[in-house]
Amino acid sequence: MSVSPYSSAILKRGAVHFLVGKAASALLSLITLLWLVRLLAVEEYGAYVVLIAGMEITLAITSLGSPWVAARYLPEFRLYSSGKMLIQFVWQLIALNTLFLVIGALLLLMAIPWLLEFLDLAQYTDAARLYLLVLIIEGSVRRIRENILGTLLQQKQAQISLVTRNLALLLLLGIASNDGAVNLHFVVLAEFVASAVGGVLALHGLIQYMLKHCDLLGSDSWLPPKWSKMCGIACQMYFNQLVSLIYSPQVFVFLIQRYLGAEATALFGFLRSLYVQIASYLPATLLFSLIRPKLIASYVGTGGMAELSNNANLVGKLSLFVLMPVLIFTWIAGTELLDLLSGGKFGQVNNYLAGLLLALIPLSQYQILTTVAVACDRSHLCFLGASLGMLSLPAAYWLLESGYGVWSIIIAIVMSQALCNAMIIFSLTRATTYMPDTFGFFKLVIAALISFILTQQLMMEVHGWLGLLIIAVSVVIFYLLSAYFIRPFRTEERTRINRVLNREIFVW
């Protein structure tokens with residue numbers, strides 16, 4: 001009997017590759033971020049933030065729901081189709097993604113002068129046009145790396161591509177900084193070269209995988225899903241994404257540039273970069289890169305809603321378990337941390353980072369909820385949640401007009417995520433047998449509050465990296481002690497985690 005491509009053994013091996021690659025990539029990305037904020041002038045860094053936000057918005061618009069088609073149906077093709085059908089489906093996805101990206105880049109090429117004039121960034125027109133090449137290359141590579149290699153559990157090839165890309169960018173910045181001042185135009189050129197190098201490796205890994213599996217026989221009783229059905233899910237998730245995009249942090253970058261200026265944009269861009277770094281390495285992110293294919297494969301196979309619900313609750317609590325100490329630390333020492341990380345450029349920021357990180361609580365659960373909805377053919381519920389989140393837009397405008405500055409955007413982001421999650425949870429519990437582990441999540445919040453109070457009461461005022469380290473260690477110790485006595489994870493959940501890790505990690 002052949003081994004399932006989504007077996008526990010393959011999942012564990014993929015998890016090792018994923019974690020090692022993500023750790024290296026996170027370190028390289030953080031070094032690049034902290035270096036760039038020092039190398040570039042505040043105005044140039046603000047323009048760079050706008051370019052990145054524009055690329056992410058364009059990637060979302062030009063996706064047309066194809067990432068969800070890959071996430072939902074690629075595991076099914078891998079389990080039941082022949083090698084020829086699998087390869088054909090993969091190339092169809094890549095061709096569609098590339099075509100949409102090129103069309104989007106050409107439209108932007110015509111709109112760039114007007115957009116930059118509107119944002120008072122006309123002096124960066126040449127850099128913005130060059131960044132369109134980054135958009136095409138980096139966008140195509142991300143689709144291969146995340147939506148295809150990741151869904152096929154080929155994390156080794158995906159992470160090699162990502163780490164090499166980030167390492168190449170860092171090396172290019174290092175070479176340029178030794179020769180003289182680094183400007184925005186060179187940073188864009190370095191990103192293009194680094195993305196191309198990572199793309200070659202990702203494409204090579206994918207081709208090797210397809211050559212290895214070209215002789216798959218497939219199941220005689222299985223019929224490939226029709227494109228009309230796949231397009232239905234793609235359209236539902238795409239419209240959900242478009243609605244969410246209207247009040248996304250990327251769009252708020254443009255609002256800040258328009259209403260508050262380049263300095264506030266640079267500050268928010270730096271905050272958002274740290275926010276993305278933390279969000280990318282929460283356990284819930286593993287759901288999209290590693291665990292999501294396993295969940296969908298088990299659901300379309302022999303699992304069902306009961307197994308999907310249990311797994312979703314477990315991953316959700318693990319994400320919150322990891323996130324809570326980070327939130328406590330940033331509320332206690334966030335201002336000092338931001339001042340040190342930015343080299344003094346962004347000091348005295350009134351807990352902006354801690355406020356923004358509050359949005360990670362619902363965000364860490366949103367990825368899980370959308371996967372549950374798509375797996376059980378309730379993807380339209382995501383659109384309902386996204387629509388309710390639009391109420392944050394008038395709130396952001398009113399707060400900006402009232403003079404709340406950057407806090408206006410932070411409050412709106414937290415509000416949008418909370419409203420969206422509330423609607424999806426309410427709809428899922430009414431339409432399916434899915435039940436969130438409300439009591440378990442509540443226990444995690446209580447453990448966090450206890451550790452926050454203890455750390456704040458017992459810690460003396462400290463400064464510098466040593467002081468931050470002392471606070472961080474104290475937060476973790478108090479939090480683990482609180483969780484030990486409160487026990488947010490059920491017995492069967494602790495057993496499953498220990499079995500996957502082959503270690504008695506969770507003894508409570």
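The values are calculated or read from the model by the stated rules, or taken from the named source; none is laboratory data. These figures come from a predicted structure and were not determined experimentally. All Cβ positions, glycine included, derive from the backbone under ideal geometry; neighbour counts span all protein chains shown. Protein only, heavy atoms only, side chains kept; ligands, DNA and RNA dropped before computing areas. Shrake-Rupley method; radii C 1.70, N 1.55, O 1.52, S 1.80 Å.
Per-residue answers, yes or no, for (1) at positive phi; (2) open to solvent by less than 40 Å² (accessible area, probe 1.4 Å); (3) out of contact with any Pro (no Cβ under 7 Å at 6 or more places or on another chain); (4) in a loop (DSSP other than H, G, I, E, B):
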| residue | (1), (2), (3), (4) |
| --- | --- |
| Ala418 | no, no, no, no |
| Met423 | no, no, yes, no |
| Ser427 | no, yes, yes, no |
| Arg430 | no, no, yes, no |
| Tyr434 | no, yes, yes, yes |
| Ser451 | no, yes, yes, no |
| Leu454 | no, no, yes, no |
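For a quick check of your reading of the model, give me the residue pairs whose first member lies in region 122-151 and is outside any helix (DSSP H, G or I), whose second is of a type in the set (Phe, Trp, Tyr), with beta-carbon atoms closer than 9 Å and at least 6 apart or on different chains. Close Cβ pairs (under 9 Å, with a partner that is of a type in the set (Phe, Trp, Tyr)) amount to Gly150/Phe18; Gly150/Phe288.
Quick one: in region 242-301, which of the residues that are among the basic types (Lys, Arg) and modelled with pLDDT of 75 or more is nearest to Gln157 (Cα to Cα)?
Residue satisfying both the conditions and the ranking: Arg272.
Only residues that are among the hydroxyl-bearing types (Ser, Thr, Tyr), in contact (Cβ under 8 Å) with a residue 40 or more places away in the chain and assigned to a helix (DSSP H, G or I) were counted across region 313-344, and they come to 1. I'd like to know if region 366-386 contains one or more residues that are surrounded by 22 or more Cβ atoms within 10 Å (Cβ to Cβ) and not in a helix (DSSP H, G or I). Yes, region 366-386 contains a residue that is surrounded by 22 or more Cβ atoms within 10 Å (Cβ to Cβ) and not in a helix (DSSP H, G or I).
For region 373-389, give me each residue that is in contact with a helix residue (DSSP H, G or I) (Cβ under 7 Å, 6 or more places away or on another chain) and farther than 12 Å from Val243 by Cα.
Those that are in contact with a helix residue (DSSP H, G or I) (Cβ under 7 Å, 6 or more places away or on another chain) and farther than 12 Å from Val243 by Cα: Ala373, Val374, Ala375, Cys376, Arg378, Ser379, His380, Leu381.
Scan region 454-467 and tell me whether some residue there is modelled with pLDDT of 85 or more and aromatic (Phe, Trp, Tyr). No; the residues of region 454-467 include none that is modelled with pLDDT of 85 or more and aromatic (Phe, Trp, Tyr). Just one of the numbered conditions (1) open to solvent by less than 30 Å² (accessible area, probe 1.4 Å); (2) modelled with pLDDT under 85; (3) within 25 Å of Lys443 (Cβ to Cβ) is not true of Met324: (2). The selection criterion, being open to solvent by 40 Å² or more (accessible area, probe 1.4 Å), free of Cβ contacts under 8 Å to residues at least 12 places away in the same chain, over 30 Å from Cys231 (Cβ atoms) and touching a helix residue (DSSP H, G or I) at 6+ places or on another chain (Cβ under 9 Å), holds for Val16. Of all residue pairs spaced 6 or more apart or on separate chains, those with beta-carbon atoms under 8 Å, a first member in region 418-436 that is small (Gly, Ala, Ser) and a second member that is in a helix (DSSP H, G or I) are Ala418/Pro362; Ala422/Gly385; Ala422/Leu388; Ser427/Leu381; Ser427/Leu384; Ser427/Gly385; Ala431/Leu381. Taking region 463-476 as the range and being surrounded by 14 or more Cβ atoms within 10 Å (Cβ to Cβ) and touching a residue at least 60 places away in the same chain (Cβ under 8 Å) as the test, the residues that pass are Gly467, Leu468, Ile471, Ala472, Val475, Val476. Of all the listed residues (Ala53, Ala60, Ala70, Ala41), the sole one being surrounded by fewer than 19 Cβ atoms within 10 Å (Cβ to Cβ), under 18 Å from the mean Cα position of the chain (by Cα) and small (Gly, Ala, Ser) is Ala60.
Going through (1) in a helix (DSSP H, G or I); (2) at pLDDT 85 or above; (3) surrounded by 15 or more Cβ atoms within 10 Å (Cβ to Cβ) one by one, Pro488 falls short only on (1).
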